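Enquirer: Below are the structure tokens for one structure; questions will follow.
The values are calculated or read from the model by the stated rules, or taken from the named source; none is laboratory data. This one's a predicted model, so the numbers in the text were calculated from it and none came from an experiment. All Cβ positions, glycine included, derive from the backbone under ideal geometry; neighbour counts span all protein chains shown.
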Amino acid sequence: MMKKYLIAVVAALLAVPAFAQSERHYEYDEYGQVGRKEGWARRFAHNFYDALVGAEYYEIVDEDGNKSDKKPVSKKEQKNVSKSYRYYGPGHTPDFYLGINMLTTDDPRVITPELPQKVGKGFELGFAVGQWGYHMTKNIGINTALYITRSRYWIDGGQYLNYTARNLDKKIDLYSGTFEGNTVKQGYLRYWSLRVPLCLELSSASRRGPFIAVGPEIEYRFGDVSKVDVTEDDERMTVTKGINVNPLGLNAVARIGINDFGITARYSFTSLFLDDDPVQTYPFMIGISTSF
């Protein structure tokens, strides 16, 4: 069922750009904006396509903030333009990031002791499928994006997560030793996420300059599963699907870097597991990011 949903999402992402590329149907005003008589669906498709390909518009404004009669210019041409402009585009929002993650206490520096992890073995990677932004000045902007990410956490000591019956309810417990007669080398938990950060970015006027961005992020988790690596034939086995992962998360995100490269970090304010079962723990990630 999940594969069908993913196929539908991919098909939609391909259909919208295809719909938006039929530029002969567009009518632009003097600022490069699509005319309203095109209808909301085509305007949405056009703006969505621009966000996917990183289209950027520069509108010349006077000292009072009024638009001039000049048309927007491309990024390559903006060197000879007045520095008084508004900038539409994703800023330094990364296209891809890869980081090391861990499950921590309410102090992100402390790994959750009740759920021992192999330090440095957990990882997370994410891709942006859409980016949007607006710069209020040449140095201050607000950026957002939609990310699809995959997170994994390795459990130390040959342990793994599985359901057990306690007080007539199914609960999550840590097991160790064997699984279905196989010797467990290590266990891990994995899930997918959709993430939408909203960051305030401070940057130099030049795209190639330094930047720093901070802000909140909402997260939707799905596809959570517990797996083990066993010694027999180095096989990887699924223990159980659905391990009580909290589907919703509220996080804090910070990014810093130069040009298209940076360091990104995230800390979750909500516990990873529903009802703190099997333990109260908060994901933390730090990694590198880049734009293509």
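Enquirer: Kindly indicate whether any position in region 132-154 is buried (at least 16 other Cβ atoms within 10 Å of the Cβ), under 19 Å from GLU219 (Cβ atoms) and at pLDDT below 90.
Expert: yes
Enquirer: Let me ask something else about it. Which of the residues that make up region 198-231 are touching a Leu at 6+ places or on another chain (Cβ under 6 Å), among the small types (Gly, Ala, Ser) and closer than 18 Å to ALA128 by Cβ?
Expert: GLY215
Enquirer: Condition check: in the same structural domain as SER151 (by TED's automatic domain parsing) and either closer than 23 Å to ILE288 by Cβ or of a type in the set (Lys, Arg) (or both). Does GLU217 satisfy that?
Expert: Details: in the same structural domain as SER151 (by TED's automatic domain parsing): yes; either closer than 23 Å to ILE288 by Cβ or of a type in the set (Lys, Arg) (or both): yes.
The answer is yes for GLU217.
Enquirer: Separate question: Residues to consider are SER193, SER206; find the one that is among the polar types (S, T, N, Q), within 24 Å of THR290 (Cβ to Cβ) and either modelled with pLDDT under 95 or outside the structural domain of ASP156 (by TED's automatic domain parsing) (or both). Spell out how you get there, then give the answer.
Expert: Values: SER193 fails: either modelled with pLDDT under 95 or outside the structural domain of ASP156 (by TED's automatic domain parsing) (or both).
Within the list SER193, SER206, the selection yields SER206.
Enquirer: Test VAL253 against the stated conditions and say whether it is aliphatic (A, V, I, L, M), under 18 Å from the mean Cα position of the chain (by Cα) and surrounded by 14 or more Cβ atoms within 10 Å (Cβ to Cβ). Working first, answer last.
Expert: On the way: aliphatic (A, V, I, L, M): yes; under 18 Å from the mean Cα position of the chain (by Cα): yes; surrounded by 14 or more Cβ atoms within 10 Å (Cβ to Cβ): yes.
Spelling it out, VAL253 is indeed aliphatic (A, V, I, L, M), under 18 Å from the mean Cα position of the chain (by Cα) and surrounded by 14 or more Cβ atoms within 10 Å (Cβ to Cβ).
Enquirer: Out of the residues in region 110-131 that are at pLDDT 90 or above and touching a Gly at 6+ places or on another chain (Cβ under 8 Å), which is farthest from ALA205 (Cα to Cα)?
Expert: Once the filter is applied, the top-ranked residue is PHE123.
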